[in-house]
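The values are calculated or read from the model by the stated rules, or taken from the named source; none is laboratory data. Worth saying up front: this structure is predicted, and the values here are computed from it rather than measured. Cβ placement follows ideal geometry from the backbone for every residue including glycine, while neighbour counts extend to all protein chains displayed. Heavy atoms of the whole protein, side chains included, go into the accessibility calculation; ligands, DNA and RNA do not. Shrake-Rupley method; radii C 1.70, N 1.55, O 1.52, S 1.80 Å.
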Amino acid sequence: MQALAGQTLSVPPVWMIRQAGRYLFDYRELRSHYPSFLALCYTPEAAAEVTLQPIRRFGFDAAILFSDILVIPDALGQTVTFAKGEGPQLKALGGQEDIAALKPDRVLEHLQPVFETVERVRSALPPETTLLGFCGAPWTVATYMVEGKGSKDFANIRRFAYGDPDGFSRLIDILVEATTQYLLKQVEAGAECIQLFETWGGVLSENGFERWVIEPTKKIVANLKAVHPDLPVIGFPRGAGLHLIDFKQQTGVDAVGLDSGVPLKWVAEKLQPLGPVQGNLDPMYLITGGDEMIDETRRILDVLRDGPFIFNLGHGITPETSPENVGKLVDFIRNYR
């Protein structure tokens, strides 16, 4: 929270995207007792336990709610499943009739178990550990809703957004409102900071990025801060490149998450003076480990140490990651000077 408030710290705080999950044996053992991934997400006692596992093991400075960005389409009434080895599968939206059939009024009731998870985690965390709530940003959530799954080229949604922008905006408007209400309830339950994941913003054109990433994010941030003016919001527009400056200046986010491809000297000169940054170790270094991981971590710390900074990854921890490498990385950061 100090870093998010703009303070430059001699040792930066550290947490990691997907720090709770498949690379930990304790998670895999717990997951085996539930019939589906969503069943685990919607069981507060279990989801809270998964959230707390990496805090107990590694002592991260923040816990991030264990859930998924696709609980929003699930709550809206779209069919969402997670097939083993295949990623999420959704009944793709076929047009305006499918959009009109979504059920925004049931979102908060459907996601009540998530809010209970937040309450459980907050009551169990030590006071010095921040609790982050999160949600997928509207464009990224919409990509799954329209494509029906992950995509290499996102042709269907780009064709929809570019060819019928007024029609597509109806879906985005629904997601802005659902996201706002979902995040406000997370804060009410105990989340102290919010991260918005815009995983697929980098596939858009310049105009598309402004309309479908910047504008919806701006609305959500304004909605949150109208109720909680001091709530820190981290925006993570993966693949945004040079759009990061416009994203920071126009959306109202307090901090910007960096993917692994962003040049750090540019960040230190152009972006970090605008506010805190977070990132951006390539998750593959956690697999290789050794001197290469430490050397790259030191480089990131050396470049970004003179401004407000939170150490994180450029994307999520992969299932193949050794927990021992995570522990070594955290120890190195803790002892960095």
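Brief remarks on what is shown
- Sparse-neighbour loop sites [GluC sites (Glu not before Pro); the stretch 271-337; at most 11 other C-beta within 10 Å; DSSP]: Glu320
- In the full protein context, the chain carries 43 Å² of accessible surface per residue, based on a 1.4 Å probe and ignoring ligands, DNA and RNA.
- Positive-end residue, the stretch 184-337 charge dipole about Cα centroid, Cβ charges, pick of Ser322, Gly307, Leu264: Gly307
- Against the empirical curve 2.2 N^0.38 Å, the C-alpha radius of gyration of the chain lands at a ratio of 0.94.
- For the stretch 1-126, average projected area of the Cα convex hull in nm²: 10.1
- Using a probe of 1.4 Å, the accessible surface attributed to Trp266 totals some 60 Å² when neighbouring protein chains are kept in position.
- Cβ-placed point charges (K, R +1; D, E -1), dipole of the chain about Cα centre in debye, nearest 20: 160
- Neighbourhood net charge (15 Å Cβ-Cβ; Lys/Arg +1, Asp/Glu -1) for Leu224: -1
- Sparsely packed trypsin sites (Lys or Arg not before Pro) within the stretch 142-188, loop by DSSP, other Cβ within 10 Å at most 16: Lys149, Lys152
- Taking a straight line from the alpha carbon of Lys265, these lysines sit under 19 Å away, with near neighbours fewer than eight places off in the same chain left out: Lys248.
- Partner aspartates and glutamates for Lys270 [C-alpha distance under 14 Å; skip if fewer than 8 residues away on the same chain]: Asp246, Asp306
- Carbon and sulfur %, accessible surface of the stretch 155-296 computed with the full protein complex present, 1.4 Å: 48
- In plain terms, the chain from Glu128 to Val11 could stretch by 40.6 nm, reckoned as 0.36 nm per residue minus the Cα-Cα distance.
- Note on Ile294 and Ser151: with the Förster distance fixed at 25 Å, the Cβ-Cβ geometry gives a FRET efficiency of about 0.10.
- Of the trypsin sites (Lys or Arg not before Pro) in the stretch 48-88, the ones in a loop by DSSP (not H, G, I, E or B) with at most 14 other beta carbons within 10 Å are Lys84.
- FRET E, pair Asp306, Val227, Förster distance 45 Å, beta-carbon r, rounded to 0.05: 0.85
- Taking a straight Cα-Cα cut-off under 27 Å and skipping sequence neighbours fewer than 8 places away in the same chain, the lysines within cross-link reach of Lys103 are Lys91, Lys149, Lys185, Lys218, Lys219, Lys225.
- Value in Å of the Kirkwood radius, where the stretch 154-255 supplies the Cα pairs that are averaged: 14.1
- Once backbone amide H atoms are built at 1.01 Å from N, Ile64 has Leu132 as its partners under 5 Å, excluding neighbours fewer than 5 places away on the same chain.
- FRET efficiency for the Arg337 to Glu97 pair, using the beta carbon distance and R₀ = 45 Å, is estimated at 0.15.
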